[in-house]
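S.K.: One structure, pasted below without further comment.
The values are calculated or read from the model by the stated rules, or taken from the named source; none is laboratory data. Because the structure is predicted, anything quoted here is derived from the model rather than measured. So basically every Cβ, Gly included, is an ideal-geometry build from the backbone, and we count neighbours across all protein chains shown.
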Amino acid sequence: MIDTHVHFWNFDPVRDEWITADMAVIQNDFTPKNLIRTLNDLKISGCIAVQANQSEHENEFLLNLADQHDLIKGIVGWIDLKNPDLDNRLEYYKNFKKIKGWRHVLQAETAEFMLDPAFINGIKQLKKNSYTYDLLCYHNQLKSIIKMVDQIPDQPFVLDHCGKPDVKSQDLKTWREDIKTLAENSNVSCKVSGLLTEADWKNWKEKELFNCFDAVFENFGVERVMFGSDWPVVLVSRPYQDWFNLVQKYTMRFSENERKLIFGDNAKAFYKL
């Protein structure tokens, strides 16, 4: 099994200002040493380390961790896709086989940013270098995401955290419609991850999360859905094991081979592990 969405950081209160006071449980350093026992207990053989900081320094940080810890099977780093020198930067990173793809925190950007021709042209350069692209956005940004990916039909994309639906309010109608439209792009996959932080952290109900799972699996199918924990961010709500058990419970309706796709094989194919 592979966890497709894990973060590591040495906590910096200035750089990591997004980790607010109500998230104090993750205002700490998190390295593979903090995760290895949990993964071993659950028989998860490795993870994808995803950028949490938007700098090339982040890539070096994650590469150094990957050199020291075999549990990191791949890295989703950060690169300036509007950089006129992007081709050369991508060429440089081809020296590091653990880097599988890239991500920008689009949830903090405008529609104009996502649909900027310079940004889109940057993503278009990823395919020829065999890189994936992780889409991080809120549910109310999905229409812009759809317009963006429609312009890059052959690029492998994966939607992080199911597009962050409003689990807490259960106002899911528009999100469901947008998920259906996005999933019509066969080059887009989806990570079942990050939903506990979109719910009422301490008082969520299983049904609220399963309502979201229903829409994801109905539209993406078992061939384009991957398990991810969003550790350590998930800890603001529950321990890692609780989220894992929740996804396991939901997916018991599928066959053993289908569960293998969701918990490992899809990730291995998508990220070329």
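S.K.: Given the criterion out of contact with any Pro (no Cβ under 9 Å at 6 or more places or on another chain), under 30 Å from K33 (Cα atoms) and not hydrophobic (A, V, I, L, M, F, W, C), identify the matching residue among Y240, Y250.
M.R.: Going through Y240, Y250 in turn, just one is out of contact with any Pro (no Cβ under 9 Å at 6 or more places or on another chain), under 30 Å from K33 (Cα atoms) and not hydrophobic (A, V, I, L, M, F, W, C): Y250.
S.K.: Kindly establish whether F157 is more than 22 Å from V234 (Cα to Cα) and aromatic (F, W, Y).
M.R.: Working: more than 22 Å from V234 (Cα to Cα): yes; aromatic (F, W, Y): yes.
It is true that F157 is more than 22 Å from V234 (Cα to Cα) and aromatic (F, W, Y).
S.K.: Can you find a residue that is touching a residue at least 60 places away in the same chain (Cβ under 8 Å), under 17 Å from V158 (Cβ atoms) and touching a Leu at 6+ places or on another chain (Cβ under 7 Å) anywhere in region 58-77?
M.R.: Yes, there is a match, as at least one residue in region 58-77 is touching a residue at least 60 places away in the same chain (Cβ under 8 Å), under 17 Å from V158 (Cβ atoms) and touching a Leu at 6+ places or on another chain (Cβ under 7 Å).
S.K.: Here's something else I'd like to know. So which pairs qualify, if the first residue must be in region 261-273 and part of a helix (DSSP H, G or I), the second must be basic (K, R) and buried (at least 20 other Cβ atoms within 10 Å of the Cβ), the Cβ gap must be under 8 Å, and the two must be at least 6 apart or on different chains?
M.R.: The qualifying pairs are N266/R224.
S.K.: Additional query: Name, by its number, the condition in (1) buried (at least 20 other Cβ atoms within 10 Å of the Cβ); (2) in contact with a Phe, Trp or Tyr (Cβ under 9 Å, 6 or more places away or on another chain) that does not hold for E56.
M.R.: If we test E56 against (1) buried (at least 20 other Cβ atoms within 10 Å of the Cβ); (2) in contact with a Phe, Trp or Tyr (Cβ under 9 Å, 6 or more places away or on another chain), just (1) comes out false.
S.K.: Can you tell me which residues in region 107-150 are hydroxyl-bearing (S, T, Y) and either modelled with pLDDT of 95 or more or more than 19 Å from the chain's Cα centre (by Cα) (or both)?
M.R.: T110, Y131, T132, Y133, Y138, S144
S.K.: Modelled with pLDDT under 95 and among the charged types (D, E, K, R): is that true of R253 in this structure? Break it down into steps so the answer makes sense when it comes.
M.R.: Details: modelled with pLDDT under 95: no; among the charged types (D, E, K, R): yes.
Against the criterion (modelled with pLDDT under 95 and among the charged types (D, E, K, R)), R253 does not qualify.
S.K.: Sort out which residues of region 83-95 are under 26 Å from G194 (Cβ atoms) and surrounded by fewer than 16 Cβ atoms within 10 Å (Cβ to Cβ), and write them in order of number.
M.R.: Passing the criteria: none in range.
S.K.: Could I ask something else about it? Look at K73 and say whether it is out of contact with any helix residue (DSSP H, G or I) (no Cβ under 8 Å at 6 or more places or on another chain), of a type outside the set (S, T, N, Q) and part of a loop (DSSP other than H, G, I, E, B).
M.R.: no
S.K.: As an exercise: evaluate N245 against (1) surrounded by 21 or more Cβ atoms within 10 Å (Cβ to Cβ); (2) without any contact (Cβ under 8 Å) to a residue 12 or more places away in the chain and give the number of the one condition it does not meet.
M.R.: Result: N245 passes all but (1).
S.K.: Also, quick follow-up: Do any residues in region 214-226 that are in contact (Cβ under 8 Å) with a residue 12 or more places away in the chain have Cβ atoms under 7 Å from those of residues that are surrounded by fewer than 14 Cβ atoms within 10 Å (Cβ to Cβ) and basic (K, R), where the two are at least six apart or on different chains, and which pairs are they?
M.R.: If the second residue must be surrounded by fewer than 14 Cβ atoms within 10 Å (Cβ to Cβ) and basic (K, R), the pairs left are N219/K180.
S.K.: Also: Hey, does region 127-144 have a residue that's farther than 20 Å from M226 by Cα and among the acidic types (D, E)? Give the derivation first.
M.R.: If we filter region 127-144 for residues that are farther than 20 Å from M226 by Cα, which is where we start, we get 127-129, 140-141, 143-144.
Restricting the remaining residues to those that are among the acidic types (D, E) gives none.
No, region 127-144 contains no residue that is farther than 20 Å from M226 by Cα and among the acidic types (D, E).
S.K.: Can I ask one more? Looking at I145, I152, can you tell me which residue is in contact with a Cys (Cβ under 9 Å, 6 or more places away or on another chain) and surrounded by 16 or more Cβ atoms within 10 Å (Cβ to Cβ)?
M.R.: The unique qualifying residue is I145.
S.K.: Select, from L235, L172, the only residue that is more than 24 Å from T132 (Cβ to Cβ), in contact with a helix residue (DSSP H, G or I) (Cβ under 6 Å, 6 or more places away or on another chain) and not acidic (D, E).
M.R.: Answer to the selection: L235.
S.K.: Right, next: Within region 180-192, work out how many residues are out of contact with any strand residue (DSSP E or B) (no Cβ under 8 Å at 6 or more places or on another chain) and part of a helix (DSSP H, G or I).
M.R.: Result for region 180-192: 2.
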